[in-house]
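No lab work stands behind these numbers, since they all come straight from the coordinates. For clarity, every value in this text was computed on a predicted model and none was experimentally measured. Methodologically, a virtual Cβ is constructed for each residue, glycine included, from the backbone with ideal geometry; neighbour enumeration extends over all protein chains shown.
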Amino acid sequence: MINDEGVICQKCKKPVPLCVCTNAEPLNNKHFVLIIQHPQEQDKELGTAGILCSMLENVHLEIALSRSGLKAILKKDVDPKQWGVLYLGAQKQTPCKAGLYALSRKGNILENTNECLKNLKGIILLDGSWSQAKALWWRNPWLLKTQRLLLVPAQRSLYGKLRKEPRKESISTLEACAQCLDFLGEDPLISSRLTGAFSDMLEKYKLLHQNQSKR
Ligand SMILES: [Zn+2]
């Protein structure tokens, strides 16, 4: 038997035993997904940005601590107001109803949330640990020109106890992406396929570590 534990899948950049890539056509998401990943994000096993990149058609992964703006990343002129960034800081009001909300700069939910969401062309996700994501936020002040978004997740993370996060509502980048696309009115098939792949990956992870501890 070939030991493939150290081999990385070229498509999702995950160790082969955790790869959930298939030959399925990429999912045609209408809202572009931009993932900015902290260069020190080291979670090769449980990280999810690679899965998003391998499954979505309209996606870009930027590994950098700081960039000058959307144009520098996407190599084209876009209106930052039509891009939403998932905001991580504390907000003044936390709605109890699951959904995606547009926030003012002061952190209040905008009255014309639905209108703001309708105008969005893309979403920006900051990928890394809690403190890495916060560093990305502060090192990219151009994010202030984009629309702040607040996601109140519809369900708890599938991570369960596998990943320790300081806040109970913390979910993976993949789950955040899937739920945002859902709330933006995209084909529900996209989020269910993404979440399905994530759950398969977690099963593989558990099996892998069970087997390792038996050795
Ligand atoms: Zn793969």
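Once all Cα-Cα distances of the range 94-215 are split into 10 Å bins that start at 0, what whole-number percent is in each one?
In order of increasing distance, the bins hold 11, 37, 35, 12, 4, 1 percent.
List the GluC sites (Glu not before Pro) in the range 18-95 that DSSP assigns to loop (not H, G, I, E or B) and whose Cβ has at most 13 other Cβ atoms within 10 Å. Which are they?
Here the GluC sites (Glu not before Pro) that fit, given the DSSP loop and packing criteria, are Glu57.
Per DSSP helix of 4 or more residues, -39500 (n - 2.57); summed, then divided by the residues of the chain. What does that give at 222 nm, rounded to the nearest 500?
Mean residue ellipticity, 222 nm, calculated: -9500 deg cm²/dmol.
Are there cysteines in the chain with no second cysteine's Cβ under 4.7 Å away, and if so, which?
Result for the chain is Cys12, Cys21, Cys53, Cys96, Cys116, Cys177, Cys180, no neighbouring Cys Cβ within the cutoff.
If amide hydrogens are placed 1.01 Å from N in the peptide plane, which non-local residues have theirs closer than 5 Å to the one on Asn29?
Counting only residues 5 or more places away or on other chains, the set is Glu57, Asn58.
Spelling out what I want: for every residue of the range 137-148, take phi, set θ = phi - 60°, compute 6.51 cos²θ - 1.76 cosθ + 1.60 (Karplus), and round to whole Hz; glycine and proline get x.
Each residue of the range 137-148 in turn: 4, 6, 8, 10, x, 5, 4, 5, 7, 8, 7, 6 Hz.
Once you've got the Cα coordinates, tell me which of Lys44/Lys161; Lys71/Lys161; Lys76/Lys97; Lys13/Lys75; Lys30/Lys75 are over 27 Å apart.
With Cα atoms farther than 27 Å apart: Lys71/Lys161; Lys76/Lys97.
Cα-Cα pairs above 22 Å in the chain: how many percent?
50
In bins 10 Å wide, starting from 0, what share of all Cα pairs of the range 1-121 does each bin hold, as a percent?
Cα pair-distance distribution for the range 1-121, in percent: 11, 31, 34, 19, 5, 1.
Across the range 52-59, in residue order, what do the Karplus-derived ³J(HN,Hα) couplings come to in whole Hz, using 6.51 cos²θ - 1.76 cosθ + 1.60 with θ = phi - 60° and x for Gly and Pro?
Ordered by residue, 3J(HN,Hα) equals 4, 5, 7, 9, 9, 7, 10, 8 Hz.
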